[in-house]
Amino acid sequence: MKHFLPVTALVVISTFLVAAGIDSLHLMPQNASVQGETVDWLFGLHFKLIAFLFSLVIVIMVYAVVVFRRRAGDDGEGMHFHGSGTLEFIWTVVPAIIVVFFGYIGTTTLITVTAAQPDEVAIEAVSRQWVWNFNYPDDGFSSEELYLPVGQPIRFDLKAMDVLHAFWVPEFRVKADAVPGRTNVLRITPNRIGEYKLVCAELCGTRHAYMMAPVKVVSREAYSAWVAQKVAEEAAKNTPEARGAALYISQGCKGCHSLDGSKIVGPTWKGLYGSPQELTDGTTVIADDEYLYNSIVKPNLQVVAGYPANVMPQNYGELLTDDNINNIIAYIKTLK
Ligand SMILES: [Cu+2]
């Protein structure tokens, strides 16, 4: 019994020292979410328990080695004893209580961290090999950067287009898998303005290590400004001219028509609208809306002099809607 007090004192001192040592290592980056506070609290508690258990084992072992060592001239036997009911009871019941207690706070922490928030905003995080994309359904645009307003509870709907990925921003602490064919949910309320990095935390192929996306937690005002800018960009993408420019590429017009005045297979579109066109039958027409429409739908009707007939595909009238064609014409008009 005379060893009990010094050993207890040493265990207590060692626990504090080890716990402080672990703390000073800063194993986790700065926390930046409300959920992270709960996680860090639980994490900290575990490390204090680890510091205690480590001290319990190491202090008693070192104490025994030093204090009970064989001294010069001592060749007697050690003390013999058979078990101790009290001790066994204590070292069964106390750890059992601790384990159940930690199980309990682990569960309540999980419930707190995953709880739905009344005013949460949904953002869809779409993962594919090897990029992230964020859809903001409330405002109808998507972005490659994740902007978040500080203090706003966010519900991430996680999607995967090909294989398993995982959504993880270390500063937010919480993490969830993105699984093809289902939508996993992850809730985060960022509470610290700053720039972070989203990483994929599920080995997903060759470029897994590079599957990252910038995360910017900004003030509410900066967020509104960014949303307004994105909405405007989205609207700009939706003009007839912009849609026509997209069709120029997606329908293959680009392969035969240049925009810079150079002659490829067909005539350039630069300065085409409103200019006189010499045709193979010797006549000259002005390239107005009607002429352009006919040139797209029935290319052989009026063939431009110096160019072969039957080269421009004859079936654009079937492939393209009238809307498509009008968009292309609107685009051609911008090519001065
Ligand atoms: Cu991935």
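The values are calculated or read from the model by the stated rules, or taken from the named source; none is laboratory data. The structure displayed is predicted, hence computed values, not measured ones. Glycine gets a Cβ as well: all are built from the backbone with ideal geometry, and neighbour counts include every protein chain shown.
Any residue in region 209-223 that is among the polar types (S, T, N, Q), outside any strand (DSSP E or B), in contact (Cβ under 8 Å) with a residue 40 or more places away in the chain and on the phi < 0 side of the Ramachandran plot?
yes
Filter region 80-133 down to the residues that are within 16 Å of the ligand (Cβ to nearest atom) and among the aliphatic types (A, V, I, L, M) and list them by number.
Matches in region 80-133: A125, V126, V131.
Give me the residue from region 178-205 that is within 13 Å of the ligand (Cβ to nearest atom) and in contact with a Phe, Trp or Tyr (Cβ under 8 Å, 6 or more places away or on another chain) and, out of that set, farthest from A125 (Cα to Cα).
My answer is G205.
Let me confirm something: among F47, F54, F89, which residue is aromatic (F, W, Y), part of a helix (DSSP H, G or I) and either under 30 Å from L148 (Cα atoms) or free of Cβ contacts under 8 Å to residues at least 12 places away in the same chain (or both)?
Just one listed residue meets the conditions, F89.
For region 175-192, which residues satisfy the criterion of being out of contact with any Lys or Arg (no Cβ under 9 Å at 6 or more places or on another chain) and aliphatic (A, V, I, L, M)?
Residue satisfying the conditions is A176 alone.
Go through region 164-177 residue by residue and tally those that are assigned to a strand (DSSP E or B) and either under 18 Å from E37 (Cα atoms) or more than 16 Å from the ligand (Cβ to nearest atom) (or both).
Residues meeting the conditions: 3.
If I ask for residues that are assigned to a loop (DSSP other than H, G, I, E, B) and of a type in the set (D, E, K, R), which ones from region 1-28 would you list?
Scanning region 1-28 gives a single hit, K2.
Got a sec? Which of S250, S258, S262 is assigned by TED's automatic domain parsing to the domain that holds V303 and in contact (Cβ under 8 Å) with a residue 12 or more places away in the chain?
Going through S250, S258, S262 in turn, just one is assigned by TED's automatic domain parsing to the domain that holds V303 and in contact (Cβ under 8 Å) with a residue 12 or more places away in the chain: S258.
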